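Let me begin by presenting the structure, written as structure tokens, before commenting on it.
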Amino acid sequence: MSSFGFGLISAAVLAIATVGFTMQFAVTNVLNLAYGSIMINSAFVTYYVNEHGVNAWVALVGGVLTGAIASWLLNRFVYTPFQKRNLAPITVVIVSLGIDLIGTFGLQAIVGGGYVSFTQNQGREYHFAGLLLSSLQLIVMGICVAVLVGVHGLLKYTRLGKAMRATSANKNLARNSGIKTQFIISTTWLISGALCGLAGTVFAMNAGVFEATSAQLYIVLLLAAMFLGGPGEPYGAMFGALTIGLATEVSAAYINPDYKDVIAFIALIVMLMFRPFGIFGSEKTN
Amino acid sequence: MSSYGYYIAIILVYASVDAMACLGLSLQFGVAGVSNFGFIIFQSVGAYVAAVLSMPNASTSNGGFQKYILGWHLPWPFPWIGAALAGGLLALPFVFIVGKRLRGDFAAVGLLVSAVLLNLLATNYVPLFNGAAGISLVPAPFQSHFNPQGLSYQFAYGLVAVILTVGAYFLVKRITESPYGRSLRAMRDNDIVADSLGKDLRMQRMSVLVVGGMIAGLSGAILVEFITLWAPGAWGYAETIVLFAAIIIGGAGNHKGAVLGAILVPVGFEEVTRYLPPVGNPALVPALEWVAIGLLIVLFLWFRPDGILPERRQILSGNKNAPAPVPTAADDESDALIKIGDLHKLDLHKLLHLEPTGNDHHVIFSTKGLTKVFNGVTVVSDVSIDIQQGRLTGMIGPNGAGKSTTLAMLAGTLPPSSGQIFYEGQDITSMPSNKRALNGIVRTFQLASEFKKLTVLENLVSAIPRQSGDTFVGSMRGKRYWGAEDRANIERAQELLEGFGLTQYADSYAGGLSGGQRRLVEIMRALLAEPKILLLDEPMAGVHPNLAHRIGDQLTNLCRGGMTIVMVEHELSIMDAFCDPVIVLAEGKVLAQGTMSELRQKQEVVEAYLVG
């Protein structure tokens with residue numbers, strides 16, 4: 001049962017991260033493999049603000065801003081120029097791998113290779129329907145619920161959200177219908193970048209200790225969650241993250257915990273082989 | 001001074017191992033466009049297999065302190081052969097991922113994840129790989145006869161490694177320069193189009209995965225028996241990125257560039273950083289190395305995407321000295337002034353090896369209830385048409401009428417949601433598009449579909465079916481086997497090119513042509529695919545009207561000789577002049593059918609056009 005609790009927390013962190021990741025894919029058609037490096041950079045910004053005596057939950061704002069600004073810059077000055085050259089999608093993916101190396105190891109060069117942790121305690125523990133959760137974990141879950149509700153509200157009820165959905169469905173048609181797609185794409189990267197920064201920070205808080213390369217393989221979980229729900233589908237991402245997060249932690253109770261991520265890997269590979277458009281998705285026109 | 005000798009020997013081995021890996025990856029990524037982000041697995045598995053084949057039984061040797069499988073204690077060269085075979089066999093399951101329908105970047109991610117997964121398993125599963133500790137005491141070849149630490153032994157080892165690298169170079173070169181290599185490059189530039197011209201994408205991708213995997217496996221074997229260690233930590237997925245950096249910098253698709261990249265990146269980085277004084281924190285230098293590799297990838301892809309040694313343009317015209325004119329902006333504008341050439345004089349039947357069969361206008365090609373639904377939207381609805389042999393059937397309709405979608409289903413590019421397609425009475429609904437092409441059903445595309453980094457002449461020749469050098473085995477048999485036939489094919493393509501007035505662009509990259517010129521290339525390419533049924537999707541768009549009518553005359557000639565053509569076209573004057581019958585589609589349904597003059601009388605057809 002405790003593994004179920006861990007699973008919920010992992011799923012919450014993963015859901016925040018995956019929604020941001022899949023939104024980027026939706027509007028720009030880029031698999032941004034540098035996502036994990038921006039996550040961990042954001043976490044380190046929060047960490048340094050926290051080191052200066054600011055409460056970790058307040059310092060989190062610094063991480064969110066870092067994620068938003070870094071992602072916006074990345075799209076504006078790297079991905080967009082490359083995409084304008086009409087290259088194969090794989091070129092941009094290779095570029096994103098290069099950026100990931102720069103982001104991750106640039107950080108490591110600055111902060112060194114050691115582990116750090118936030119100045120913060122886990123808070124008191126609560127018994128909750130048979131689960132034992134710390135207040136940190138409860139806050140993470142609260143943040144996750146707020147994010148998912150927020151994203152839902154954004155997509156469903158605001159002009160901006162509708163324009164984002166239109167841009168993701170068909171960029172040219174959206175542009176011809178008078179939507180300023182370039183503005184929408186930029187805004188999407190700001191919002192998804194903020195989610196990336198937020199996810200990075202709560203990921204690091206949840207992990208307890210972390211270092212510059214801690215999020216390097218997180219991209220695999222992200223990809224698994226995204227492909228499970230269908231690439232570019234925010235609701236699919238929520239479903240995928242919940243499934244992957246729970247499955248990895250719950251399976252850790254039954255098999256060697258070293259293998260807990262294997263289930264995510266296998267889910268991803270199976271999805272790519274048989275249903276690359278997600279469990280609920282259907283083939284796209286293009 | 002013998003320490004320099006050792007140093008040189010070691011560098012020879014390392015450089016050979018990296019160069020071989022880069023050659024394998026250059027074939028896969030540079031030539032065939034298969035982004036194998038899991039390349040390192042092949043090298044590590046080869047290394048592992050070589051290790052366990054050469055080591056003695058795990059439980060009886062060295063007190064059984066390490067665990068591994070096999071332990072056959074085979075003499076050289078069997079462990080190396082086993083490594084190459086293992087690398088090749090390992091490729092087979094990955095064909096499921098790089099198979100034909102998956103987007104290239106999705107497949108790449110699948111391979112990347114596989115690499116991470118296998119590394120995770122190797123690190124944690126002790127009985128197979130001895131866990132994170134890895135295997136040590138791998139015997140060097142002939143270590144009972146010679147001293148592996150001796151200078152002459154190490155030099156000999158380096159020499160063997162270099163010889164095998166040269167062998168790998170000639171192997172990938174042989175494949176690349178053959179007609180099969182041309183097909184691989186065509187697939188790289190546009191896989192859907194290559195598929196529609198009859199190329200078996202699955203087979204092509206499998207062959208480069210197997211060959212590249214064998215080379216990688218062998219390179220792993222060379223490394224592991226030299227350093228006598230194998231540990232999973234050395235084979236992280238990031239090592240693949242280093243190899244990608246190497247071939248991007250050296251020049252993907254140019255195998256000399258791959259070797260150069262191997263020397264500059266993996267070897268160069270390792271050797272240069274060896275001499276750096278220890279500064280800052282201990283993680284600093286390795287971290288900066290990774291940053292540098294990331295920067296090099298991004299900067300090269302931006303400033304010099306073809307690398308230091310770009311892929312060489314293949315001059316097929318035989319005119320090696322004349323520089324191929326690069327079409328300029330001025331040419332774009334002067335499309336109307338295009339030299340029409342002597343198209344009307346061309347005997348296409350002879351050129352295309354078509355036996356005039358005579359016409360009986362029987363129903364050769366038909367559909368029953370053909371329907372296509374995308375995301376809940378019905379684009380083509382219950383279309384049943386009969387195409388008569390030897391006729392030039394036109395297909396018109398407003399935008400969004402489903403013309404291109406229908407054509408794509410006829411050619412097999414898109415699977416129908418329901419309905420059937422019959423060819424000479426046989427149900428071919430589930431026949432893949434490349435098989436249809438080989439059976440004579442060939443299509444062109446509405447959007448630009450030239451193979452960009454193939455010359456115009458290569459574009460044309462690539463379409464010719466059943467070339468003896470266009471199989472993996474054929475390419476292995478070398479130029480002596482396929483050369484004469486290829487020469488003849490090139491001459492045919494040149495003759496066609498002359499008829500269409502594009503001879504001066506024979507050796508230009510097709511990607512540099514103007515829109516109208518590219519359409520012509522596409523028509524010629526489709527003709528060289530020797531179609532029985534030719535499906536043309538707006539072939540005349542952007543083509544000068546005079547030339548369009550000459551092409552129309554030739555198409556009519558071809559129909560007279562027995563070819564069946566279906567042509568989607570917006571230009572009604574073309575329909576008037578050449579097409580009979582004409583099918584009108586609107587909103588995914590067949591609205592009417594008949595000659596153009598009959599259709600002009602029909603109120604609903606005129607309305608559909610006016611409304612659309």
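A few points about this structure:
- Residue list for region B:283-302, filter: more than 7 Å from every other protein chain (Cβ to nearest Cβ) and within 19 Å of A:Tyr115 (Cα to Cα): B:Val285, B:Pro286
- Residue match in region A:202-211 (condition: under 21 Å from B:Asn375 (Cα atoms) and within 14 Å of chain B (Cβ to nearest Cβ)): no
- Only one of the listed residues (A:Ile263, A:Ile179) is within 13 Å of chain B (Cβ to nearest Cβ), surrounded by fewer than 21 Cβ atoms within 10 Å (Cβ to Cβ), hydrophobic (A, V, I, L, M, F, W, C) and farther than 27 Å from A:Phe105 by Cα. That residue is A:Ile263.
- Close pairs from region B:32-45: first away from chain A (no Cβ under 13 Å), partner in a loop (DSSP other than H, G, I, E, B) and surrounded by fewer than 24 Cβ atoms within 10 Å (Cβ to Cβ), Cβ under 9 Å, at least 6 apart: B:Ile40/B:Gly236
Residue-wise test of (1) buried (at least 21 other Cβ atoms within 10 Å of the Cβ); (2) more than 30 Å from B:Trp76 (Cβ to Cβ); (3) not assigned by TED's automatic domain parsing to the domain that holds B:Val521.
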residue: B:Ser183; (1), (2), (3): yes, yes, yes
residue: B:Ala186; (1), (2), (3): yes, yes, yes
residue: B:Arg205; (1), (2), (3): yes, yes, yes
residue: B:Val208; (1), (2), (3): yes, no, yes
residue: B:Gly213; (1), (2), (3): yes, no, yes
residue: B:Ala231; (1), (2), (3): no, no, yes
residue: B:Phe244; (1), (2), (3): yes, yes, yes
residue: B:Ile247; (1), (2), (3): yes, no, yes
residue: B:Ala262; (1), (2), (3): yes, no, yes
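- Any chance B:Ala122 is in a helix (DSSP H, G or I) and under 17 Å from B:Val49 (Cα atoms): yes
- Scanning region B:269-282 for residues that are away from chain A (no Cβ under 13 Å) and either surrounded by 15 or more Cβ atoms within 10 Å (Cβ to Cβ) or charged (D, E, K, R) (or both) gives B:Glu270, B:Glu271, B:Arg274.
- Residue in region A:267-274 that is more than 14 Å from chain B (Cβ to nearest Cβ), surrounded by fewer than 22 Cβ atoms within 10 Å (Cβ to Cβ) and of a type in the set (Phe, Trp, Tyr) present: no
- Only one entry of B:Ala493, B:Ala526 meets the criterion of being of a type outside the set (Lys, Arg) and touching a Ser or Thr at 6+ places or on another chain (Cβ under 6 Å), and that entry is B:Ala526.
- Strands (runs of 3 or more DSSP E) lying entirely in region B:364-446 (those with 1 or more residues that are touching a helix residue (DSSP H, G or I) at 6+ places or on another chain (Cβ under 6 Å) and closer than 23 Å to B:Pro531 by Cα): B:392-396, B:441-443
- Among residues of region A:232-261, those that are of a type in the set (Phe, Trp, Tyr) and either in contact with a strand residue (DSSP E or B) (Cβ under 8 Å, 6 or more places away or on another chain) or at pLDDT below 85 (or both), counted: 2
- Counting residues in region A:278-286 that are within 14 Å of chain B (Cβ to nearest Cβ), within 21 Å of B:Ser114 (Cβ to Cβ), buried (at least 17 other Cβ atoms within 10 Å of the Cβ) and without any contact (Cβ under 8 Å) to a residue 60 or more places away in the chain gives one or more.
- When B:Phe269 is tested against the conditions (1) of a type outside the set (Asp, Glu); (2) at pLDDT below 85; (3) out of contact with any helix residue (DSSP H, G or I) (no Cβ under 7 Å at 6 or more places or on another chain), the lone failure is (3).
- Residue in region B:127-145 that is within 14 Å of another protein chain (Cβ to nearest Cβ), surrounded by 16 or more Cβ atoms within 10 Å (Cβ to Cβ) and not in a loop (DSSP other than H, G, I, E, B) present: yes
- Residue that is nearest to the other protein chains (Cβ to nearest Cβ), among those in region A:105-126 that are among the aromatic types (Phe, Trp, Tyr) and assigned to a loop (DSSP other than H, G, I, E, B): A:Tyr115
- Looking only at region B:100-126, and only at residues there that are more than 10 Å from chain A (Cβ to nearest Cβ) and at pLDDT below 75, the one that is nearest to B:Ile192 (Cα to Cα): B:Lys100
- The residue of region B:363-382 that is farthest from the other protein chains (Cβ to nearest Cβ), among those that are exposed (fewer than 15 other Cβ atoms within 10 Å of the Cβ) and on the phi > 0 side of the Ramachandran plot, is B:Gly369.
- Looking at region A:1-104, the helices (runs of 4 or more DSSP H) lying wholly inside it that each contain 3 or more residues that are more than 10 Å from every other protein chain (Cβ to nearest Cβ) and either within 19 Å of the chain's Cα centre (by Cα) or free of Cβ contacts under 8 Å to residues at least 40 places away in the same chain (or both) sit at A:2-28, A:35-51, A:56-74.
- Region B:65-76 residues that are assigned by TED's automatic domain parsing to the domain that holds B:Gly134 and part of a loop (DSSP other than H, G, I, E, B), paired with ones that are among the β-branched types (Val, Ile, Thr) and surrounded by fewer than 18 Cβ atoms within 10 Å (Cβ to Cβ) (beta carbon under 7 Å, 6 or more apart): B:Lys67/B:Val126
- Whichever residue in region B:467-481 is out of contact with any Asp or Glu (no Cβ under 8 Å at 6 or more places or on another chain) and in contact (Cβ under 8 Å) with a residue 24 or more places away in the chain and, among such residues, is surrounded by the fewest Cβ atoms within 10 Å (Cβ to Cβ): B:Gly478
- Identity of the residue in region A:142-173, β-branched (Val, Ile, Thr) and either in contact with a strand residue (DSSP E or B) (Cβ under 8 Å, 6 or more places away or on another chain) or assigned to a helix (DSSP H, G or I) (or both), that ends up surrounded by the most Cβ atoms within 10 Å (Cβ to Cβ): A:Thr167
The values are calculated or read from the model by the stated rules, or taken from the named source; none is laboratory data. Bear in mind that the values here come from a model prediction, so they are computed numbers and not experimental data. Glycine gets a Cβ as well: all are built from the backbone with ideal geometry, and neighbour counts include every protein chain shown.
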